[in-house]
Amino acid sequence: MEILVASAIGILTAGGLYLVLRLRTFPVIMGISLLTYAVNVFLFASGRLTVGAPPILSDATTYTDPLPQALVLTAIVISFGMTAVVVMIALGAYLGGDDDHVDDPTPEDAV
Amino acid sequence: MIHWLILPIVLPAFIAPFIVLAARYQIGIQRVISVASMVALIGIALGLSWSASDGSILLYQLGDWAAPFGIVLVGDRLSTMMVLLAAVLALFVLLYAIGSKWDERGRHFHALFQFQIMGIMGAFLTGDLFNLFVFFEVLLIASYGLMIHAGGTVRLRAGVQYVLFNLLGSTLFLFALGAIYAETGTLNMADLAQRVQLIDEGATVGIRVAAVLLLMVFAIKAAVVPLHFWLPSSYAEAPAPVAALFAIMTKVGAYAIIRVYTLIFPPDLAVTAGLHGWWLLPAALVSLAIGMIGILAARHLDRLVAFAVIGSMGMVMVSIALFTPEGIGAALYYIVHSTLAAGALFLISDLARAGRANLDLTAQPPMAGANLTAAMFFVGAIAMAGLPPLSGFVGKLLILDASFDTAQMVWVWAIVLGASLISVVGFARTGSILFWKANSVEAPEDAPAVARPSALSYVAVGGLLALLVAHTIFAGPATTYTTAMAKQLFTPDAYMTTVLTSKGKMSDAKSQGDH
């Protein structure tokens, strides 16, 4: 299972980085979403992978670390809100400037 | 337990929704509430600084749960001073925003401003790395709103860059936190400081990666080269009062570096040896050089100030990267100076806008109220370039003195002094184009008469400049205090004992043998 989770994080990160480097708002936002998925799984795995154990101290001998789950919840909520904000701002910039490049315009573009 | 310690976070957190809900359409009431909240914050911050000034560590356990499982706020000399600095800067910026009517040009300025302050205060006071992340997000999301305040395509475009860059930074922060948690099983700073010492020498890969990732995140915030690219266009396009408030945001990055890399990864820790001297110092020297060259090369006044921020952050980071008590002490003195000077310069660049078509560095007819604006620019530029007699000079002297005995002395001295010369030339050129050459340009016949900036705007800028003068006059007591602060940072035992051994709710339950 470790190899599955690890490669999933790796592939999500690689895909996200590739999309971020496309420098147009839609791919960049998609790329950042992929990166946040990757980081969510990564955070989740930071408490070690345990199957079928409750995330609470009980009489059972094994339990899952509950803290990363709380951290992931916070991270998900924050990244969700942030993505919504960036979509709105990017939409405003695109509709106002009729251009969806993320980088600064070159002198030729500005003409 | 002192409940006062959480007030800098709670007060703006309550004021902001109150402004939105109760005073949505009354800008006058919003202004009164906002200013009153800032004045109250300064009072609270003064009280906190006073109680921390004897070297005691203020601790607040949320819900009375003890660390490391509960969330704690910690106020030592450094945190309380940063809180006070942020509150003072915010008050003057707010006065300027009211005086120049920037707050009327879009909606929810005052509410976002309060949320921004809440995030900044939280970042300074928290004793927990994950909460540092959360407060970073709070201050960022408020800053996104402030950054695009009053709209406009160019500003929105710069806003998109700013938001995207910071989203990447946040993702990196979470990766770093995950790695740290996986290696140590805790995110409380005091607890981390103890556990990192215990890590087996053969298994340090994870924690080293985490330390570097975390440094990168804070370097993005502090705009250290090569992670500074977001700063010039976002700060230049942001509304002037917002850019002035952002002067404290780069300092949040510097604060986080000081806190984490003296407490958790101190310079004598074998695991992260070389990170401070080998990586941070050269990057800081390069940012200092690039910032100052940018001052000379800038073609717009607002960009020039943005590069001055990068340069002065470079100066701060050079001093931090020495990681000696003297270096950190000098850096803290310079942080106060650089925050006030950068804030003042951003506001002055907005004053210079009155009656000019744009802020290009070309000769245009004199702006309205040119004499007073020119005088203020003169003072601000002297402070920022580090010429005597203002505090920039004192700060630079302290930094040069702190680096005197180190092996990197030649590099530090050469770049600090060379960069200062370049910035002096840059500021002199700008001042003469903006204010002297303007007198040789005839205003067109049909030019509309432009009103001078309001008196309140001048009061706000003058207040910041007066604080700079005070920072120079009382440089003796100020350096004594920052040196004491640095000493406290390098002897973190009191911090760790206070955080980890203070009892909270059910702390005694363990002894009853439940689990």
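Scanning region B:18-55 for residues that are exposed (fewer than 15 other Cβ atoms within 10 Å of the Cβ) and not in a helix (DSSP H, G or I) yields B:R24, B:Y25, B:Q26, B:S53, B:D54, B:G55. Whether a residue is of a type in the set (G, A, S) and outside any helix (DSSP H, G or I) was assessed, and B:A66 passes this test.
Within region B:476-495, the set of residues being surrounded by fewer than 19 Cβ atoms within 10 Å (Cβ to Cβ) and part of a helix (DSSP H, G or I) comprises B:G476, B:P477, B:T479, B:T480, B:Y481, B:T483, B:A484, B:K487, B:F490, B:D493, B:A494. Taken over region B:96-111, the criterion of being in contact with a helix residue (DSSP H, G or I) (Cβ under 7 Å, 6 or more places away or on another chain) and surrounded by fewer than 23 Cβ atoms within 10 Å (Cβ to Cβ) is satisfied by B:G99, B:W102, B:E104, B:H108. In this structure, A:D99 does not satisfy being assigned to a loop (DSSP other than H, G, I, E, B), free of Cβ contacts under 8 Å to residues at least 12 places away in the same chain and more than 9 Å from chain B (Cβ to nearest Cβ).
Conditions tested, residue by residue: (1) touching a residue at least 24 places away in the same chain (Cβ under 8 Å); (2) more than 14 Å from A:I89 (Cβ to Cβ); (3) of a type in the set (A, V, I, L, M, F, W, C); (4) more than 9 Å from chain A (Cβ to nearest Cβ).
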{"residue": "B:A150", "(1), (2), (3), (4)": "yes, no, yes, yes"}
{"residue": "B:V163", "(1), (2), (3), (4)": "no, no, yes, no"}
{"residue": "B:L172", "(1), (2), (3), (4)": "yes, yes, yes, no"}
{"residue": "B:A182", "(1), (2), (3), (4)": "yes, yes, yes, no"}
{"residue": "B:R195", "(1), (2), (3), (4)": "no, yes, no, yes"}
{"residue": "B:E201", "(1), (2), (3), (4)": "yes, yes, no, yes"}
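Within region B:201-223, the set of residues being within 20 Å of the chain's Cα centre (by Cα) and in a helix (DSSP H, G or I) comprises B:L214, B:L215, B:M216, B:V217, B:F218, B:A219, B:I220, B:K221, B:A222.
Remark: A:V86 matches the filter, which requires a residue to be under 23 Å from B:H149 (Cα atoms) and among the hydrophobic types (A, V, I, L, M, F, W, C).
Before we move on, is B:W102 aromatic (F, W, Y) and more than 23 Å from B:A342 (Cβ to Cβ)? Against the criterion (aromatic (F, W, Y) and more than 23 Å from B:A342 (Cβ to Cβ)), B:W102 does not qualify. Listed conditions (1) under 30 Å from B:G70 (Cβ atoms); (2) surrounded by fewer than 24 Cβ atoms within 10 Å (Cβ to Cβ); (3) away from chain A (no Cβ under 13 Å); (4) in contact (Cβ under 8 Å) with a residue 12 or more places away in the chain are all met by B:G206, apart from (3). When the test is whether a residue is at the interface with another protein chain (Cβ under 8 Å from one of its Cβ atoms) and not β-branched (V, I, T), A:G15 does not pass it.
For (1) part of a helix (DSSP H, G or I); (2) closer than 14 Å to B:F175 by Cα; (3) in contact (Cβ under 8 Å) with a residue 40 or more places away in the chain; (4) more than 9 Å from chain B (Cβ to nearest Cβ), each residue gets a yes or a no:
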{"position": "A:R22", "(1), (2), (3), (4)": "no, no, no, yes"}
{"position": "A:I29", "(1), (2), (3), (4)": "yes, no, yes, no"}
{"position": "A:V51", "(1), (2), (3), (4)": "no, no, yes, yes"}
{"position": "A:L67", "(1), (2), (3), (4)": "yes, no, no, no"}
{"position": "A:A84", "(1), (2), (3), (4)": "yes, no, no, yes"}
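The set of residues in region B:59-79 being out of contact with any Ser or Thr (no Cβ under 6 Å at 6 or more places or on another chain), of a type in the set (A, V, I, L, M) and surrounded by fewer than 21 Cβ atoms within 10 Å (Cβ to Cβ) consists of B:L62, B:I71.
Every residue, every condition in (1) farther than 19 Å from A:N40 by Cβ; (2) surrounded by fewer than 23 Cβ atoms within 10 Å (Cβ to Cβ), yes or no:
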residue	(1), (2)
B:G169	no, yes
B:G178	no, no
B:T184	yes, yes
B:L192	yes, no
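For region B:120-134, state whether one or more residues are within 15 Å of B:L11 (Cβ to Cβ), aromatic (F, W, Y), more than 9 Å from chain A (Cβ to nearest Cβ) and touching a strand residue (DSSP E or B) at 6+ places or on another chain (Cβ under 9 Å).
yes
None of A:V20, A:V77, A:V72, A:V41 is within 26 Å of B:L132 (Cα to Cα), of a type outside the set (K, R), at pLDDT 90 or above and surrounded by fewer than 14 Cβ atoms within 10 Å (Cβ to Cβ) except A:V77.
Answer yes if at least one residue in region A:37-45 is within 11 Å of chain B (Cβ to nearest Cβ) and free of Cβ contacts under 8 Å to residues at least 24 places away in the same chain, and no otherwise. No, region A:37-45 contains no residue that is within 11 Å of chain B (Cβ to nearest Cβ) and free of Cβ contacts under 8 Å to residues at least 24 places away in the same chain.
Report yes if some residue within region A:45-60 is closer than 21 Å to B:L167 by Cβ, touching a helix residue (DSSP H, G or I) at 6+ places or on another chain (Cβ under 9 Å) and buried (at least 18 other Cβ atoms within 10 Å of the Cβ); otherwise report no. Yes: one or more hits. B:H337 passes every criterion in (1) buried (at least 24 other Cβ atoms within 10 Å of the Cβ); (2) free of Cβ contacts under 8 Å to residues at least 12 places away in the same chain apart from (2).
Examine region A:69-78 for a residue that is within 21 Å of A:V102 (Cβ to Cβ), more than 7 Å from every other protein chain (Cβ to nearest Cβ), in a helix (DSSP H, G or I) and not acidic (D, E), and state whether such a residue exists. No, there is no match, as no residue in region A:69-78 is within 21 Å of A:V102 (Cβ to Cβ), more than 7 Å from every other protein chain (Cβ to nearest Cβ), in a helix (DSSP H, G or I) and not acidic (D, E). It is to be established whether one or more residues within region B:215-222 are within 14 Å of chain A (Cβ to nearest Cβ), within 29 Å of B:T339 (Cβ to Cβ) and modelled with pLDDT of 90 or more. Among the residues of region B:215-222, at least one is within 14 Å of chain A (Cβ to nearest Cβ), within 29 Å of B:T339 (Cβ to Cβ) and modelled with pLDDT of 90 or more, which makes the answer yes.
If the requirement is being of a type in the set (V, I, T) and within 22 Å of B:A247 (Cα to Cα), which of these qualifies: B:T406, B:T373? Only one candidate qualifies: B:T373.
The values are calculated or read from the model by the stated rules, or taken from the named source; none is laboratory data. Keep in mind that this is a model prediction, so the values were computed, not measured. Note that each Cβ is placed from the backbone with ideal geometry, even for glycine, and that neighbours are counted across all protein chains shown.
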